[in-house]
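K.L.:
Quick one: structure below, then a few questions.
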Amino acid sequence: MNLFEDAVIVFILNLPFGYWRANVKKFSFQWILAVHIPVPFVIVLRLISGLGFGFITYPILVGVFFFGQYLGGKFLHWRENNHLLPITSCLVWDMVKAAESSLKRLR
């Protein structure tokens, strides 16, 4: 894999963690977990993809890491502001429930 593919994976990986982070108290244990749990996955991704740890990769991957966290949080706030319920700290579960709700309305 190349740097672009790794960056896309890191970005997508961090969206649900940013969603979770935005729904808990800042600097709480859950907040710290939401920020740090993806880090080992990013390291393993670098090793598996053969990207290595070259200097130029750091600003790009760190940037997309935090951008994914940021957009995940923004998505939570957008859902709250538009009253798109249910709202939990789990992006995947909220999307499953939203899909179920949409399917029920279609029936």
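Read-outs: derived from the displayed coordinates by stated rules, not from any lab. Just so we're clear, the structure is a prediction, and the values are computed from it rather than from any experiment. Counting neighbours? That spans all protein chains shown, and the Cβs are built from the backbone with ideal geometry, glycine included.
K.L.:
Would you mind computing, in nm to one decimal, how far apart the modelled labels at residue 89 and residue 5 are, each placed 7 Å from Cα along Cα→Cβ?
P.N.:
3.4 nm
K.L.:
Need the full-extension length gain, residue 70 to residue 44, defined as separation in residues times 0.36 nm minus the C-alpha distance. One decimal, nm.
P.N.:
7.1 nm
K.L.:
Alpha carbons only, please: Rg and Dmax for the chain, in angstrom.
P.N.:
According to the Cα coordinates of the chain, Rg and Dmax are 15.9, 54 Å.
K.L.:
Please order 55, 75, 66 by the number of other Cβ within 10 Å, starting at the fewest.
P.N.:
55, 66, 75
K.L.:
Hey, fewest Cβ within 10 Å first, where do 87, 12 land in order?
P.N.:
Ranked by crowding around the Cβ, least crowded first: 12, 87.
K.L.:
Give the cross-link partners of residue 25 among the lysines, using a straight C-alpha distance below 17 Å as the criterion and excluding same-chain residues fewer than 8 apart.
P.N.:
Filter leaves 74.
K.L.:
To the nearest 10 degrees, how steeply does helix 57-81 sit against the main Cα axis of the chain, on a 0 to 90 scale?
P.N.:
10 degrees
K.L.:
Further question on the same structure: Over the range 1-105, what is the relative contact order in whole percent, taking alpha-carbon pairs under 8 Å and six or more residues apart?
P.N.:
Contact order relative to length: 41 percent.
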